[in-house]
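The values are calculated or read from the model by the stated rules, or taken from the named source; none is laboratory data. Owing to the predicted nature of the structure, the values given are computational and were not obtained by experimental measurement. We place every Cβ from the backbone using ideal geometry, glycine too, and count neighbours over all the protein chains shown.
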Protein chains: 2
Amino acid sequence: MDDHSDQTRKPRADAVRNRERVLEAAKAVFSAGGPEASLEAVAKRAGVGIGTLYRHFPTREDLFEAVYRREVEQLSELAEQLKNSKDPVDALRRWLRSGVEFVATKKGMMAALALAVQSGSELHVFSFDRLTKAIGSLLDRAVSAGELRPDISPEDLLRAFFGMCYIHDQPRWQSTALRLLDVFVDGLRVQPAGKAETGTSKARAARGAKPAMKRKR
Amino acid sequence: MDDHSDQTRKPRADAVRNRERVLEAAKAVFSAGGPEASLEAVAKRAGVGIGTLYRHFPTREDLFEAVYRREVEQLSELAEQLKNSKDPVDALRRWLRSGVEFVATKKGMMAALALAVQSGSELHVFSFDRLTKAIGSLLDRAVSAGELRPDISPEDLLRAFFGMCYIHDQPRWQSTALRLLDVFVDGLRVQPAGKAETGTSKARAARGAKPAMKRKR
DNA sequence: GAAGATACGGAGGCACCCTCCGTTTAACAA
DNA sequence: TTGTTAAACGGAGGGTGCCTCCGTATCTTC
């Protein structure tokens, strides 16, 4: 990176410190107040001037991105670990479940993320991308094993995940999200006789079995 | 104040007119600019003072609710019609598809609705409720016919629907949403025997195993 | 018409956004 | 150390949107 001329001044200590402070404050403020939270409140909590905040993070999205970076990292790492488990579908399901749990502890932040993802900002480039990769590795494994249908991309799955989680109005939202994700994964399975004709589906006459009701866990 | 009677005074003509104007303006403004749109812009477009707007609709949510009421009504009616179709699952699928299409024409409004639903405001009472009912009638029919699993409530399904639709960042979001909903409905089907390892899974076992990795960068 | 009731509009106070710039301070060289 | 200077600091200030309040205008009714 440094090219001609060696001179790279050491970054100023106060700048480094303040940046860190702002990040920490932002994490707390966004977690509590959601994405609409006042940036001035963040600055105040961090004990810096509003100008300082804006210098470090010119836009609201920039701040989001920085804050979420590590959070996303965690989720991403989890996927890495799950890659070693036996059952690919189960691994995927587990990752999704962890994602829900994760989201649960960061109320406001999730909304912020969803919002940022939607607005197609730069945050997309890192976070969304990163998660796509994480989820992709799990998905691919399951698909390669012939357990899941191959026509759903990691991006699709991630979107579905966000969608399911985006709904947290009620106190019970978590179990709802878990249930919905389970259904989704079920739908993702390669089906014996089924689908193939999405729209016109004639409904396989005999589906002998009764309500599955197997999910839970 | 006297009087004979309980006859209520006829509502003032200008009030009625203005209310209508505001609604119309709001519909346009929200559709274009999303839920964050300036209420002052709405008032201006409607040709009334900001005070008038607030008198008619004390809160932003109130305005949303009024605007969406008719939209929701349409979707609700569609469900009514579909109730007569032959295949229950297909009917449900079709309603969901129409929902996506519907959403497509109201960009900003959808975000607004999702937001409102989430905030647990009064809009919930009508819109969400209404749609739940609509979707519920379709869902029940399919469940009664033994085609779909019985442990997913109309509310769940509606949430899933919103979730899938909430993602419209890319121009291709529609097809994505349709695909995801299809998967979801598939997952909703009563499954013969859990995952039943039918031999058919071999199908994509081969699958080029080179799926993603298209990382940007 | 006249009398009230009702609705109207927009000024005003507040909060937040973001920019701009004079002041302060840390890093480095002498 | 001390001096130089680039970098960082903070917060005032101009802009916008939210919502309330209330004097004025308009409509309904008698």
- Among residues of segment B:26-47, those that are within 15 Å of DNA strand C (Cβ to nearest atom) and either within 14 Å of another protein chain (Cβ to nearest Cβ) or of a type in the set (K, R) (or both), counted: 3
- Filter segment A:40-63 for residues that are under 29 Å from the mean Cα position of the chain (by Cα) and either among the acidic types (D, E) or at positive phi (or both) and give the result. A:E40, A:E61, A:D62
- Item | Matching option when the condition is at pLDDT below 95 and either within 13 Å of DNA strand C (Cβ to nearest atom) or under 14 Å from A:F64 (Cα atoms) (or both), among A:D6, A:D14 | A:D6
- For segment A:32-58, name all the residues that are near DNA strand D (Cβ under 6 Å from one of its atoms) and surrounded by fewer than 17 Cβ atoms within 10 Å (Cβ to Cβ). A:G49, A:I50, A:G51, A:R55
- Message: On the basis of being closer than 30 Å to B:G136 by Cα and hydroxyl-bearing (S, T, Y), does B:S38 make the cut?
- Response: no
